[in-house]
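K.L.:
Here it is, the structure, as structure tokens.
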Amino acid sequence: MSSRPMIDRYSWWEIILIYCGIAIFLFFVLSPFVEGFLVSLKPLSQLFSSPYRFWPENGSFEAYRTMWISVPGFGRYIFNSFFISIIVTVIVLCLVIPASYAFAKFEFRGMGILLGAFLTVNMFSGAVLLIPLFRLMRSIGVLNTYLAMIVPGVAFLIPSAIWLLRTYMIRIPQELNEAAYMDGASHFYTLRRVILPIAMPGIIVVAITTFIGAYAQQFIFALTFNSKTEYMPLPVGLFAYFGKQEVIWNELMAASFVGIAPAMIVIFFLQRYLVGGLTAGAVKQ
């Protein structure tokens with residue numbers, strides 16, 4: 001087997017085509033963010049000028065200051081989104097880690113049916129289940145609270161998290177389980193002292209994807225199950241920039257970038273764990 005790096009096995013024109021493909025992909029992915037950021041720098045009067053100017057004339061960060069004045073509770077909306085996402089992530093991890101361990105290391109009756117059911121749940125949109133979920137939230141008395149957004153978020157994110165972490169734990173050698181069992185260790189002790197340290201990269205991947213999913217899916221649940229401003233998350237709070245007569249687009253874009261900053265900071269500091277967790281176990285040693 002050749003020891004040369006894979007990129008060196010391509011001819012010069014194949015390398016050019018690869019980088020051109022990457023550049024085109026990045027263009028379509030990043031261009032909406034670039035345009036949104038430039039809109040946040042433009043005065044409102046320039047947004048609909050003709051001809052349209054891509055680069056802002058006399059651009060400034062004024063919208064990043066005035067957005068806090070236009071919507072006084074915007075800081076609370078960011079806190080709510082961050083708080084809900086963290087709680088959802090912690091609960092999902094507490095439930096998914098032992099469940100993934102059981103699905104990965106043991107054979108039991110109905111396991112295939114349960115895994116198939118988890119996939120089926122992921123096929124349903126949250127909007128399809130809004131009415132039964134609303135009745136459930138009302139019956140247990142959690143409407144207009146954080147729980148009204150935490151409970152559905154946990155329920156919808158658990159299936160994909162189990163599949164992701166189970167796939168990682170399957171790669172952990174079964175001999176480690178058997179050796180711990182021969183030494184008299186319980187299943188809980190084996191999970192805590194043997195499996196968890198090895199599976200930590202995969203757990204970090206699940207935590208990041210769960211946090212992002214919880215941060216992104218709050219809109220429909222908050223709009224349906226909550227009517228109190230103090231519990232509103234960021235996606236619903238952004239609606240405050242839609243006035244009766246006009247939309248304050250520059251402040252809306254500025255608020256959007258400020259709102260996604262917590263998630264971007266989390267991803268930035270954990271990206272090396274994310275890459276390591278996605279690639280670990282992909283190659284047998």
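The values are calculated or read from the model by the stated rules, or taken from the named source; none is laboratory data. Keep in mind the model is a prediction, meaning the values are calculated, not measured. Ideal geometry is used to build each Cβ from the backbone, glycine not excepted, and the neighbour counts take in all protein chains shown. Each accessible area value is taken on the protein alone, full model and side chains, heavy atoms only, with ligands, DNA and RNA left out. Shrake-Rupley method; radii C 1.70, N 1.55, O 1.52, S 1.80 Å.
K.L.:
Taking region 267-285, which residues are modelled with pLDDT under 70, surrounded by fewer than 19 Cβ atoms within 10 Å (Cβ to Cβ) and in a helix (DSSP H, G or I)?
P.N.:
Matches in region 267-285: 273, 274, 275, 276, 278, 279.
K.L.:
Another question about this same structure. Confirm whether residue 17 is part of a helix (DSSP H, G or I), closer than 30 Å to residue 65 by Cβ, at pLDDT 90 or above and out of contact with any strand residue (DSSP E or B) (no Cβ under 6 Å at 6 or more places or on another chain).
P.N.:
It is false that residue 17 is part of a helix (DSSP H, G or I), closer than 30 Å to residue 65 by Cβ, at pLDDT 90 or above and out of contact with any strand residue (DSSP E or B) (no Cβ under 6 Å at 6 or more places or on another chain).
K.L.:
Taking the conditions exactly as written (over 20 Å from residue 210 (Cα atoms) and within 24 Å of the chain's Cα centre (by Cα)), does residue 115 satisfy them or not?
P.N.:
Spelling it out, it is not the case that residue 115 is over 20 Å from residue 210 (Cα atoms) and within 24 Å of the chain's Cα centre (by Cα).
For every residue, the table says whether it meets (1) among the hydrophobic types (A, V, I, L, M, F, W, C); (2) open to solvent by 40 Å² or more (accessible area, probe 1.4 Å).
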residue: 20; (1), (2): yes, yes
residue: 44; (1), (2): yes, yes
residue: 66; (1), (2): no, no
residue: 109; (1), (2): no, yes
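K.L.:
For region 24-68, enumerate the residues that are modelled with pLDDT of 85 or more and on the phi > 0 side of the Ramachandran plot.
P.N.:
If the condition is that a residue be modelled with pLDDT of 85 or more and on the phi > 0 side of the Ramachandran plot, then no residue fits.
K.L.:
Counting only residues that are of a type in the set (Val, Ile, Thr) and under 21 Å from residue 212 (Cα atoms), which one in region 238-266 is modelled with the lowest pLDDT?
P.N.:
Result: 266.
K.L.:
So in region 226-260, with the set limited to residues that are of a type in the set (Gly, Ala, Ser) and not in a helix (DSSP H, G or I), which one is surrounded by the most Cβ atoms within 10 Å (Cβ to Cβ)?
P.N.:
The selected residue is 227.
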